[in-house]
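Here the structure comes first, spelled out in structure tokens, and everything after it is commentary.
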Amino acid sequence: MQRIGVLTSGGDASGMNSCIRAVVRKAIYHGLEVIGINRGYSGFVDADMGPMNLGSVADIIGKGGTILHTARSKRFMTKEGRALAYENVQRFGIQGLVVIGGDGSFTGANIFQQEYGLPVICVPGTIDNDIAGTDYTIGFDTAVNNVVDAINKIRDTATSHERTFVIEVMGRHAGHIALAAGLAGGAESILIPEIPYNIDDICKKLLSGIRRGKLHSVILVAEGAASGIDIGQKIKELTGFDTKVTILGHLQRGGSPSSFDRILAARLGAKAVELLMAGETNKMVGMKAGEIVATDLAEVIGKSSPINKEMYELAKILSI
Ligand code: ATP
């Protein structure tokens, strides 16, 4: 193998740049050439790509987002679009591909490999942490830190005004961010899509908290569990408390990656290159119990990682 391609796809996640840097430098260290593909599969289809060198990835290790940009490409989901991408593979002499993204990006990589035989190794880069085969995805830790930062700030004003705050966080299908940030930030209640909630129980807990002298309460809601605005409205109706709602939105994704995400990204990116060099394909690299491991894409695609129920129960116990 002499030349590999690298792209970032799906939603951006902080630490993707650290991973691109690792892929490029590890590959060059071993004498490979690297083609950077811009805007995910869109650039793959449109030939928006070019060579990268050691300098291309200088000074990006601590930058959020992705210097290769990311996109969602409808054309790559068609046979015609993928045929164009394969023409570009031949034109640019790409012999292996590293895809940094989420489940949809892995599905595309898997289909492309099956159709055209190009070896692909995937790296989990998504803030949601909902990918099987890894304990952590790149960007999750930074997103959790962003949410905890917000909780800390909101708590200051919540205490001063003796208010109830509902904070809506990302997680359409998975509650990992809400659960981790809720435990780290001491939220009174955590609503996640995986576990049904009862608004009366939440209100009872709020009322008993006030009775024992609590000055404020923070309720964390994953967007897939409920709308923060609806929950705020119901709490106001049922308790009469002055309830404010904050939707954190894209604030959660950005910012300089945490050292955890940088280290994870470096290890996963380097492993992806090693696997391509060893002739492997259709695998995702991940971290399990601190070790870097590779899992067949067939065991990853469409299988989200379950939330940690023990952590959920602990968060409940600690917020009584
Ligand atoms: P995130 O978890 O951040 O949303 P993702 O990788 O799951 O990331 P998607 O938008 O689902 O994000 O997928 C990214 C891209 O992967 C799509 O825009 C499309 O180009 C490609 N892709 C997804 N599914 C398929 C498919 N079935 N066939 C071919 N390509 C696909």
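Rule-based calculations on the coordinates, nothing more; no lab input. Here the structure is a predicted model, which means the values were calculated and not measured. Quick reminder, even Gly has a Cβ in these numbers, built from the backbone with ideal geometry, and neighbours come from all protein chains shown.
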Inset, instruction - For segment 239-246, take each phi angle, set θ = phi - 60°, evaluate the Karplus expression 6.51 cos²θ - 1.76 cosθ + 1.60, and give the result in whole Hz per residue in order, putting x for glycine and proline. - result: 10, x, 6, 5, 10, 10, 10, 10
Inset, instruction - May I ask which residue of 146, 241, 221 lies farthest towards the positive end of the charge dipole of segment 142-253, with charges of +1 (Lys, Arg) and -1 (Asp, Glu) on Cβ and the Cα centre as origin? - result: 241
Legend entry - Amide H contacts under 5 Å for residue 96, placed H, 5+ residues apart: 5
Legend entry - Ranked 29, 197, 41, criterion: other C-beta atoms within 10 Å, fewest first: 29, 197, 41
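For the chain, give the magnitude of the charge dipole about the Cα centre (Cβ charges: +1 Lys/Arg, -1 Asp/Glu; no others), in debye to the nearest 20. Each step should come with its number before you reach the end.
Numbers: 33 positive and 33 negative charges, 74 e Å.
For this selection, approximately 360 debye.
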Legend entry - segment 199-320: Rg to Rh, with Rh as the Kirkwood radius over Cα pairs: 1.13
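By count of other Cβ within 10 Å, fewest leading, how are 34, 6, 293 ordered? Numbers along the way, then the final one.
Working: 34 24, 6 27, 293 15.
With the fewest neighbours first, 34, 6, 293 line up as 293, 34, 6.
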Inset, instruction - Rounded to the nearest Å, what's the spacing between the alpha carbon centres of segment 239-279 and segment 187-220? Just the number, please. - result: 27
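Mean residue ellipticity at 222 nm from the helices of the chain, using -39,500 (n - 2.57) per DSSP H segment of n ≥ 4 over the full residue count, to the nearest 500 deg cm²/dmol?
Details: 10 runs with 135 residues, N = 320.
Value at 222 nm, helices only, nearest 500: -13500 deg cm²/dmol.
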Legend entry - Helix axis angle, 259-277 relative to the chain longest principal axis, alpha carbon, degrees: 30
Inset, instruction - Indicate the gyration tensor shape class of segment 128-222 (rounded, prolate or oblate), computed on the Cα atoms with a ≥ b ≥ c the square roots of the eigenvalues: a/c under 1.5 is rounded; otherwise a/b larger than b/c is prolate and the rest oblate. - result: oblate
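Over 22 Å between C-alpha atoms is what I'm after, so list which of 204/316; 214/244; 234/303; 26/303 land there.
Values: 204/316 14 Å; 214/244 17 Å; 234/303 34 Å; 26/303 30 Å.
Correct reply: 234/303; 26/303.
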Inset, instruction - Apply the Karplus parameterisation 6.51 cos²θ - 1.76 cosθ + 1.60, with θ equal to phi minus 60°, to every residue of segment 223-231 and state each ³J(HN,Hα) to the nearest whole Hz, in sequence, with x for glycine and proline. - result: 4, x, 8, 5, 7, x, 5, 4, 5
Inset, instruction - Using a cut-off of 15 Å between beta-carbons, work out the net charge of the residues near residue 223 (Lys and Arg +1, Asp and Glu -1, residue 223 not included). - result: -3
Inset, instruction - Can you put 176, 69, 250 in order of Cβ neighbours within 10 angstrom, beginning with the fewest? - result: 250, 69, 176
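In the chain, which longest range has no trypsin sites (Lys or Arg not before Pro) that are both DSSP loop (not H, G, I, E or B) and surrounded by at most 12 other Cβ atoms within 10 Å? Spell out each step's value before the answer.
Values: sites that count: 74, 172, 212.
Maximal segment without exposed cleavage sites: 213-320.
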Legend entry - Helix 309-318 vs. the chain, principal-axis angle (Cα, 0 to 90°, nearest 10): 30
Inset, instruction - Give the Debye-formula value of log10 I(q)/I(0) at each listed q (0.08, 0.09 Å⁻¹), with one equal scatterer per alpha carbon of the chain, two decimals each. - result: -0.40, -0.49
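Over the chain, what is the relative contact order in whole percent, taking alpha-carbon pairs under 8 Å and six or more residues apart? Could you put the intermediate results ahead of the total?
Values: 722 pairs, mean separation 75.0, N = 320.
It rounds to 23 percent for the chain.
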Legend entry - For segment 73-78, 3J(HN,Hα) per residue [Karplus equation, 6.51 cos²θ - 1.76 cosθ + 1.60, θ = phi - 60°, Hz, x = Gly/Pro]: 10, 6, 5, 5, 7, 9
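So, counting K/R as plus one and D/E as minus one, what does the shell of residues with Cβ under 13 Å around residue 260 add up to?
Values: positive: 262, 267; negative: 135, 141, 261.
That works out to -1.
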